[in-house]
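Peer 1: Sharing a structure with you now.
The values are calculated or read from the model by the stated rules, or taken from the named source; none is laboratory data. The structure presented is a predicted model; accordingly, all values stated were derived computationally and were not measured. Heads up, the Cβs are rebuilt from the backbone with ideal geometry, glycines too, and the neighbour counts pull from every protein chain shown.
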């Protein structure tokens, strides 16, 4: 399995994948009970692909994108976002492998102090998933960012939470 950089011709496929994984009807990663509306737009994906500090990586099965993940270097940190696997391919270990490959990509590409990801605090099973992969809760919790056009909360007091992980640099 290998990841490759997304290109402009992938915009619609990535947008559809992310919206299906986050706000679709199936899959364990969906947030439809907590948030309504799309998670992303084609314009958002285009701006990420064109951002020189962001690396939007995709995993293809033939010509179909079945997973994506974004690594954005901000100061000395690698922010992980837009991590999605098509619902039909979830629970097969693809997400675990995509996350590992993306982390290794960031380690090889940048010098970073830590990985950072932001998740909806109320998604306990998702936080547990990331904790099993070495991420820790750091106690930084904020109000859900409705100003970022990532959906409208369906529940009161929806929050986001920061998780962090130290990279492991190996020398030979």
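Peer 1: Being over 13 Å from the mean Cα position of the chain (by Cα) and crowded, with 17+ Cβ neighbours inside 10 Å is the filter here, so list the residues in the stretch 111-122 that pass it.
Peer 2: First, pick out the residues of the stretch 111-122 that are over 13 Å from the mean Cα position of the chain (by Cα): 111-114, 121-122.
Of everything in the stretch 111-122, those that are over 13 Å from the mean Cα position of the chain (by Cα) and crowded, with 17+ Cβ neighbours inside 10 Å turn out to be 112, 121, 122.
Peer 1: Could you list all residues from the stretch 73-101 that are surrounded by fewer than 21 Cβ atoms within 10 Å (Cβ to Cβ), touching a helix residue (DSSP H, G or I) at 6+ places or on another chain (Cβ under 8 Å) and free of Cβ contacts under 8 Å to residues at least 60 places away in the same chain?
Peer 2: Across the stretch 73-101, the qualifying residue is only 73.
Peer 1: Please verify whether the stretch 3-11 includes one or more residues that are closer than 30 Å to residue 124 by Cβ, part of a strand (DSSP E or B) and either modelled with pLDDT of 95 or more or touching a helix residue (DSSP H, G or I) at 6+ places or on another chain (Cβ under 6 Å) (or both).
Peer 2: No, the stretch 3-11 contains no residue that is closer than 30 Å to residue 124 by Cβ, part of a strand (DSSP E or B) and either modelled with pLDDT of 95 or more or touching a helix residue (DSSP H, G or I) at 6+ places or on another chain (Cβ under 6 Å) (or both).
Peer 1: Is it fair to say residue 144 is surrounded by 12 or more Cβ atoms within 10 Å (Cβ to Cβ) and over 15 Å from the mean Cα position of the chain (by Cα)?
Peer 2: On the way: surrounded by 12 or more Cβ atoms within 10 Å (Cβ to Cβ): yes; over 15 Å from the mean Cα position of the chain (by Cα): yes.
Yes; evaluated as a whole, the condition is true for this residue.
Peer 1: If we keep just the residues of the stretch 17-43 that are within 14 Å of the chain's Cα centre (by Cα) and over 16 Å from residue 154 (Cα atoms), which is surrounded by the fewest Cβ atoms within 10 Å (Cβ to Cβ)?
Peer 2: 19
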